[in-house]
Amino acid sequence: MSAIEAPGRTMEIDLVTHAESMTGTRPRLSAHGLVKRYGERVALEASDFELPPATIAAIVGPNGSGKSTLLGCLARTVLHDGRVFLDGEPIERSAPGRVAYLPQRLRLPATATVGEVLALFRRFAGGVADRVAPPPGFVPDERRPLGQLSGGQAQRTALAATLQGRPDLVLLDEPLANLDDDARAATMALLAEHRAAGATILVASPTAVDLLAVVDRVLALRDGRIVHIGPAASFLGRLPLVIWVRLEAGTSGDDLSGLPAALRSRREGDWLALECREEDAVELLRELDARGVPAARIRIGGPEDPTRASPLDRP
Amino acid sequence: MIALAGFHFRTIARGRSSLVAVIGFAVATGIVALLGLDSFRQLGLGAVSPAAVAVLNLALLLPTALGALIGALTVTAGRETGLLAMIRARGLSIAGLIGAAWLAVTGVAWLALVAGFGLAALVVAGNVPLGDMPAFVGLLIVTMAAAATASAVGVLVGTAVRTRLQAALVALAAWFVLAVGLDLVVVGLGVFLRAGEPALLAAVLANPLQAARVLALLLLDASGSVLGPVGAYLLMRFDHLGAVALLAVDLAAWIGAPLGGAILLLRHRDL
C-alpha cells in the first residue's frame, strides 16, 4: 500500500490489486477514467481502479459522494466517459446475465407477485442454474403481491431476484436498507457464498460498519472522487476516533478544541467531540489529563452520539 | 423482451385504473351499440350509420387515450422505480426495454378494444347481417392499429420526461392534440389558407387517429362518399386498395417512428 499526497486529498492506491493484474491474474472489473457530469457539475471523477475475482468491495462515502453514480456507470445505466471492462472485455459486450444490479430504493410494481418478479429475473439470468439458493424463509411466499409486503420483505425479494443465476459482477446499492438483523446476516452470508464461487461484489453504503463482517476492500468516495481504495483493515485504520468530553456547566470547551492531537472538534449539547487518529488517541487523552479533565467526563467511540460511546473509567 | 412485456402487461392490467378503463370502455361501447339498435333498429355496418360512427369514435378515443397515458407512465415508472435499470444491467438492450413497454401497453389497449367490441358484438348479434361481419372485424383491426400508434407515442413521451406527473400531463396533451387539436387547426387554417385536397390528405396522414378514422370509414364505405373531398381525392388518386394501403403504411410509420425516437432518446439518457 502506498499513499500519494495530492492537493487537498490523500489517495491510497491499491498496489496489491495492480500487482495481481501484473502477475497474470486478470482483474474481474477494471474501470478507466470514469467521469460523469451533470451539466457543469462533475458528479463522479473516479480514478482508474481494478477489482479481482472473488472479492467483496464496499463503496462508502457520505450522501452525494457519487456511490450510486459509480454503480450506475458500472451497470451501464448511467451514461459516462471512460471505459469499464469485465474480465478484460468491454462490459457492454459481456454475455447477458453476467452483471446483476440492485438500484437504491428499488420499487417493483405493487401488483406483481413475488413469484412473478423471481421468474422475470430468472429469464434474464443467462439461462443458468442459480449459484446459491437463498436460505429458507428469506424469500416471502411467492403468491403474495409486492404491495402487501413490508419494506424488508420487498427488499429481500429484490435481493433474491438480483442474485439469481451466476452473475460474475454484482452491484448492490444499499442492499441492507429496511432489513432486520437476521435478514442482514442472511444477506451477508449470501454475498459471502457468491464471493466464494468467484463473484466480484460491490456494495454501496453510507458507512462501512454494517459491511465489515464480509468486505475485503473498501472504496471510499468523497465529492465524486475516490479518496481511498484498499483492504478493509487499512480503511478502518484511517477512520478518525472520537473522544467525547462532557463539559462542565458554564464552560465552552474552547480551551480543549485546539489540543495538538485533535484533528477537529464540535459541540453536541453538553459534550465536546474531539476527532483524532487512532494512533494519536493516547496522546490526546494525556493532553486532556494535563488540562485537568477527569476520566469520568470522557467517553470514547460512538462517532455520532456520546451516549453510545464507551466510558473511559470503566472497562 | 417478451418476458418483460408479459410482466409489464400483467402488472398494468391488474392495476385499478386499467381495469376501470377497460370495463368503462366496454360498457360505453355496449351502450352505444344498444342506442344504435334502439334509434336505428340496426347498427348498419353495411353502410355508415350514426351508431357505427359513434362506435368508431369511441374506439378511436378511449383506448388511444389509455394507450398514450399508460405508455408514458410505464416507461417513466420503470425508470423512476429502478426496474428498467435492473433489467438493463442484466443485458436487455434499450430497444428491448422500449419494445417490451410498447407491447405490454398495446396489449392492454387491445384488451379494452376486444372487451368493448365483444360486448357490442353481443348486443348487435342477430340484428346485423352476417355480411357486415368483415366490416366489423376491419373496424376492430383499424382501432387496434390506432391504439398501437397512441401507445408508441405514449412510450416516446415516457422516455422524454422525467417524472410520472410530467408523463401523465404530456401524454394527455399529446393525445388531445391528436384527437381534437390537429382537427381544429386543420379546420381553421384550411378555411383561411383555402387548402386543397392534397393538403387535407397530408393533414390526415400527419395524424394517426385521423388516418385510422379515414381508413375505418373507407372499410365501411368503399365509395368514400362519407369522407367528402378527401375521400374522393384519395380514391381518385390511389383507388380503394391503394388508399387503404397508404393509410395502413402511415399507421405503421406512426408506430415505428415514435418507437425509434424513444430508443434513440433513451440511448442518450440515464435510466
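Segment B:188-271 holds helices (runs of 4 or more DSSP H) entirely within its bounds, and those carrying 3 or more residues that are open to solvent by 30 Å² or more (accessible area, probe 1.4 Å) and in contact (Cβ under 8 Å) with a residue 40 or more places away in the chain map to B:228-267.
For A:Ser234, work out the one condition from (1) open to solvent by less than 60 Å² (accessible area, probe 1.4 Å); (2) modelled with pLDDT of 85 or more it doesn't fulfil. Evaluating A:Ser234 over (1) open to solvent by less than 60 Å² (accessible area, probe 1.4 Å); (2) modelled with pLDDT of 85 or more leaves (2) as the failure. Taken residue by residue, segment A:102-117 has at least one member that is in contact (Cβ under 8 Å) with a residue 60 or more places away in the chain, part of a strand (DSSP E or B) and hydrophobic (A, V, I, L, M, F, W, C). Once segment B:148-176 is narrowed to residues that are closer than 17 Å to B:Arg213 by Cα and modelled with pLDDT under 95, the residue that is surrounded by the fewest Cβ atoms within 10 Å (Cβ to Cβ) is B:Phe176.
Could you tell me whether any residue of segment A:108-122 is open to solvent by 50 Å² or more (accessible area, probe 1.4 Å), among the charged types (D, E, K, R) and at pLDDT below 90? Within segment A:108-122 (the criterion being open to solvent by 50 Å² or more (accessible area, probe 1.4 Å), among the charged types (D, E, K, R) and at pLDDT below 90), the answer is no, since none of the residues qualifies. Of note, B:Leu113 satisfies the criterion of being assigned to a helix (DSSP H, G or I) and either within 24 Å of B:Asp250 (Cβ to Cβ) or in contact with a strand residue (DSSP E or B) (Cβ under 9 Å, 6 or more places away or on another chain) (or both).
The number of residues in segment A:56-69 that are open to solvent by less than 30 Å² (accessible area, probe 1.4 Å) and within 13 Å of chain B (Cβ to nearest Cβ) comes to 1. Elements of the type helices (runs of 4 or more DSSP H) sitting completely within segment B:4-91 and holding at least 2 residues that are more than 9 Å from chain A (Cβ to nearest Cβ) and at pLDDT below 85: these cover B:16-40, B:50-81. Exactly one residue out of A:Val78, A:Val99, A:Val84 is among the β-branched types (Val, Ile, Thr), surrounded by 15 or more Cβ atoms within 10 Å (Cβ to Cβ) and more than 8 Å from chain B (Cβ to nearest Cβ), and it is A:Val84.
For segment A:28-49, filtering for residues that are modelled with pLDDT of 90 or more and crowded, with 19+ Cβ neighbours inside 10 Å leaves 9. Each residue in segment A:288-302 was checked for being under 13 Å from A:Pro260 (Cβ atoms) and open to solvent by less than 30 Å² (accessible area, probe 1.4 Å), and 1 of them qualify. Scanning segment A:141-185 for residues that are over 19 Å from A:Ala204 (Cβ atoms) and either among the charged types (D, E, K, R) or surrounded by fewer than 20 Cβ atoms within 10 Å (Cβ to Cβ) (or both) yields a total of 14.
The values are calculated or read from the model by the stated rules, or taken from the named source; none is laboratory data. Note that the structure is a prediction, hence the values are computed from the model and not measured. Every residue, glycine among them, receives a Cβ derived from its backbone with ideal geometry; neighbour counts consider all protein chains shown. SASA here: full protein model, heavy atoms, side chains in, ligands and nucleic acids out. Shrake-Rupley method; radii C 1.70, N 1.55, O 1.52, S 1.80 Å.
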